[in-house]
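Have a look at the structure below, then the notes.
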Amino acid sequence: MNTPALRVDIWSDFVCPFCFIGALRLEQLAQQRPLDFHWHAFQLRPAGSPPMDAAKRKMIAEHTPKLTAQMREEFGLDIARGPLDIDTRAAHRLFAAAQATAQGAAVHDALFRAYWLHGQDISDPAVLGAVAAKHGFDGTAAISGSDTASEQSVAADVAQAAQYGFHGVPAIVFGQKYYVSGAQPLAVFAQAAEKAAAESSL
């Protein structure tokens, strides 16, 4: 008897290091048990945010060597972070549009990797357009915002995060019951998934 895939809802932003780490660990968990990922948009620095101050930039710079070492040790990846202080709304819209083409998961991963491994500006329409083209679809309308469906999808995700009281990401809900905050160790994710799956089978 096949084990049904457990639904996992994740609110995240592509420029959040903990979101990328969390995504990679969730992919590891998916090698152990079937999971049905539902990614939701969250913006750490939406349009209109004040410029990132010097103290925040210094803190990020000081944390980068630790992050670099962690990514290399745990995942074998060398990071090259994209620019700070960017608006990721268009990237989230592109992902929303990609889901209608069955390329959602691949585009989601590509956006993380474009920013964290290739140092690209994922607010740049040219960068986003290249991601879309590589995955076989035209993302022009989603990137520009003229595609109302993708914009509405992002707006709904952001509103739902606010309704749930999520102030930081990643925010992960296993089986629509168990909430886990942050890029927790794989064992924590596995435990939450096990509990959610056990309850759903009752």
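The figures follow:
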| quantity | calculated |
| --- | --- |
| Search result, residues across region 101-111 that are out of contact with any Lys or Arg (no Cβ under 8 Å at 6 or more places or on another chain) and crowded, with 21+ Cβ neighbours inside 10 Å | VAL107, HIS108, LEU111 |
| Number of positions in region 163-191 that are closer than 10 Å to VAL8 by Cα and either part of a helix (DSSP H, G or I) or charged (D, E, K, R) (or both) | 1 |
| Some residue of region 59-67 being in a loop (DSSP other than H, G, I, E, B), out of contact with any Ser or Thr (no Cβ under 7 Å at 6 or more places or on another chain) and among the aliphatic types (A, V, I, L, M) | no |
| Tabulated pairs, region 70-91, first closer than 13 Å to TYR115 by Cβ, second among the aromatic types (Phe, Trp, Tyr) and in a loop (DSSP other than H, G, I, E, B), C-beta under 6 angstrom, 6+ apart or interchain | THR88/PHE14; ALA91/PHE14 |
| Pick from region 7-20, criterion in a strand (DSSP E or B) and surrounded by fewer than 22 Cβ atoms within 10 Å (Cβ to Cβ), ranking: farthest from the chain's Cα centre (by Cα) | ARG7 |
| Meets criteria (in contact with a Gly (Cβ under 9 Å, 6 or more places away or on another chain) and either modelled with pLDDT of 95 or more or in a loop (DSSP other than H, G, I, E, B) (or both)) for LEU94 | yes |
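The values are calculated or read from the model by the stated rules, or taken from the named source; none is laboratory data. From a predicted model like this one, the values you see are computed outputs, not experimental measurements. In this analysis, Cβ positions are derived from the backbone assuming ideal geometry, glycine residues included, and neighbour counts consider all displayed protein chains.
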